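**Q** The structure under discussion is supplied below as structure tokens; questions concerning it will follow.
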Amino acid sequence: MMRGALEDTICAIATPAGEGGIGIVRLSGSDALRISDVVVRLRSRQPLTSVASHRLYLADLLLPASLTRKKDHGRRAAAELLDEALVVHMKAPRSFTGEDVVEIQSHGGGVILSLLCQACIEAGARLAEPGEFTKRAFLNGRLDLSQAEAVLDSIRAKSAAGLVVAQRQLRGELAKEVEAARTALLDLLAHIEAGIDFVEEDITFMRQEELRRTVEDAAGIIRRLDATFREGRLLREGARVVILGRPNVGKSSLLNKLLKEERAIVTPVPGTTRDVIEETIDLEGLRIHLVDTAGIRETADAVEQEGIKRSLSAQREADLRLIVVDGSQALTQDDREMIRTAAGEPHVVVVNKSDLPAVFPAMTVPVGTIVCSLSAKTGMGIDRLKAEIRGQLISSGGDAVEGVVVNNVRHRTALQRASQALQQALQSIERDVAGELLAIDVRAAAEALGEITGAITTDEILDRVFSEFCIGK
Ligand SMILES: Nc1nc2c(ncn2[C@@H]2O[C@H](COP(=O)(O)OP(=O)(O)OP(=O)(O)O)[C@@H](O)[C@H]2O)c(=O)[nH]1
Ligand SMILES: [Mg+2]
């Protein structure tokens, strides 16, 4: 966890492990320039401390002192140079962390970068802890806590849509909405407390109606944000789409078609798939975890039974179910049962094998059920299914995710706590209870909101947030 002193100047390799064209070591802290001057020799021979900020300079990097100490103390030969590099320093406060920052861009080799780090440490820096650069940016007021988390979300984004959400949050849009609600509650709190203090003078500081409206407005903002959570999580982590159906209806064929790859075994024998098969596809920027399952039926085969057990548990974890039926056969009791069970959860009924003559009369399904007719064999109708999958998962159809989206469990829990406190507050207003009690709930709601942006924070919250980061971020 984060225990290092904030006065320390920290350094870390900022680029991923492995070989790369360039690699970057970053330093931050009041000693960053002095330490860099020990490690870096500008080609212009000027000290780094004397050259303009926010510009790149060509430089030679020197080996760590401990590797050269035993040799003569004269000028270091070219052979003792570590590498060539471009160096930039960013004077406080105009840097990511708000402190003096130096970034040294050398060639991206593991040995180069670890020796460069070692040289910085020998010159007085300390190895940064996970997330410490971003934590400093937060503590120095460069980012609020939700923005700091968005840095990590941006780095980890698995799809274009997930990135859009992270970038909005990084630009402070979530913080803005949360702060608006929090400020309104703090104003209200001030009024309530003034009411408590001057109650003898019988001044009505805020009429009950106004009180209720302010609390309801804040509760409205919170509800709206909370409602975006499911979508936010889907955009961040991807959605689980589970393919279900009787044996032999073409579930594995559908998986293969969507993957554009013969991933699952397809045979005319019912009960071919025995295990849960999971693959990930990118559906126009939305990450989908596709799950093919064993066909569900009564069977005496122990292996198949186990497969069916897994199908049922995969179904429970699904964000969306594709119930596949065979359009060239009459619906069976099992088909109907599966369609009925899926009602109430997001699902699409897929009528497969549309290249074969269809069975009449047309099947009847509960109203509102989305039915896609397609052929997993020829590919006919697949595009429409893809559009329906997106439509079912993302309310906007996913073209542009409108507005702020909550995608973080920590934010979600805080929103829910705020929401509960405000419900209590509304009840108190209703029953006209004493201002002291009302103040407790309004304050609790404001504090929960404050945890999202970090306006109110504890070491525990900070540790939890930044321990998710890795070193160098
Ligand atoms: N004509 C036609 N045949 C199809 C279509 N989709 C699948 N089939 C055939 O149906 C049979 C079963 O296909 P699978 O994809 O293995 O079906 P499944 O639902 O995965 O079956 P299990 O794994 O046994 O539950 C195979 O012979 C496929 O070639 C289709 O759209 N049209
Ligand atoms: Mg199968």
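**Q** Which count do you get for residues in the range 426-450 that are within 22 Å of the chain's Cα centre (by Cα) and in contact (Cβ under 8 Å) with a residue 60 or more places away in the chain?
**A** 2
**Q** Can you name the residue in the range 92-140 that is part of a strand (DSSP E or B) and among the charged types (D, E, K, R) and is also farthest from residue 65 (Cα to Cα) among such residues?
**A** Here the residue is 103.
**Q** Check every one of the helices (runs of 4 or more DSSP H) wholly within the range 228-325 and list those with 3 or more residues that are within 12 Å of ligand 2 (Cβ to nearest atom) and either at pLDDT below 95 or not assigned by TED's automatic domain parsing to the domain that holds residue 384 (or both).
**A** It comes to 302-316.
**Q** Further question on the same structure: Out of (1) part of a loop (DSSP other than H, G, I, E, B); (2) at pLDDT below 90, the odd one out for residue 355 is which?
**A** With (1) part of a loop (DSSP other than H, G, I, E, B); (2) at pLDDT below 90 applied to residue 355, the lone miss is (2).
**Q** Okay, moving on. Out of the residues in the range 75-91 meeting the condition of being of a type outside the set (D, E, K, R) and at pLDDT 95 or above, tell me which one is surrounded by the fewest Cβ atoms within 10 Å (Cβ to Cβ).
**A** 86
**Q** Let me ask you something else. Under 34 Å from the mean Cα position of the chain (by Cα) and surrounded by fewer than 23 Cβ atoms within 10 Å (Cβ to Cβ): is that true of residue 6 in this structure?
**A** yes
Every residue, every condition in (1) assigned by TED's automatic domain parsing to the domain that holds residue 27; (2) closer than 19 Å to residue 468 by Cβ, yes or no:
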{"site": "100", "(1), (2)": "yes, no"}
{"site": "105", "(1), (2)": "yes, no"}
{"site": "114", "(1), (2)": "yes, no"}
{"site": "117", "(1), (2)": "yes, no"}
{"site": "137", "(1), (2)": "yes, yes"}
{"site": "167", "(1), (2)": "no, yes"}
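Residues are listed down the side, and each one gets a yes or a no for (1) exposed (fewer than 14 other Cβ atoms within 10 Å of the Cβ); (2) within 14 Å of ligand 1 (Cβ to nearest atom); (3) within 17 Å of residue 338 (Cβ to Cβ):
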{"residue": "261", "(1), (2), (3)": "yes, yes, no"}
{"residue": "266", "(1), (2), (3)": "no, yes, no"}
{"residue": "271", "(1), (2), (3)": "no, yes, yes"}
{"residue": "274", "(1), (2), (3)": "no, yes, no"}
{"residue": "286", "(1), (2), (3)": "no, no, no"}
{"residue": "291", "(1), (2), (3)": "no, yes, yes"}
{"residue": "296", "(1), (2), (3)": "no, yes, yes"}
{"residue": "301", "(1), (2), (3)": "yes, yes, no"}
{"residue": "308", "(1), (2), (3)": "no, yes, yes"}
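**Q** Further question on the same structure: Have a look at 375, 419, 428 and point out the one that is surrounded by 17 or more Cβ atoms within 10 Å (Cβ to Cβ), of a type outside the set (D, E, K, R), modelled with pLDDT of 90 or more and assigned by TED's automatic domain parsing to the domain that holds residue 159.
**A** 419
The values are calculated or read from the model by the stated rules, or taken from the named source; none is laboratory data. This structure is a prediction, so every number in the text was calculated from the model and none was measured. With ideal geometry, Cβ positions are generated from the backbone for all residues, glycine too; neighbour counts draw on all protein chains shown.
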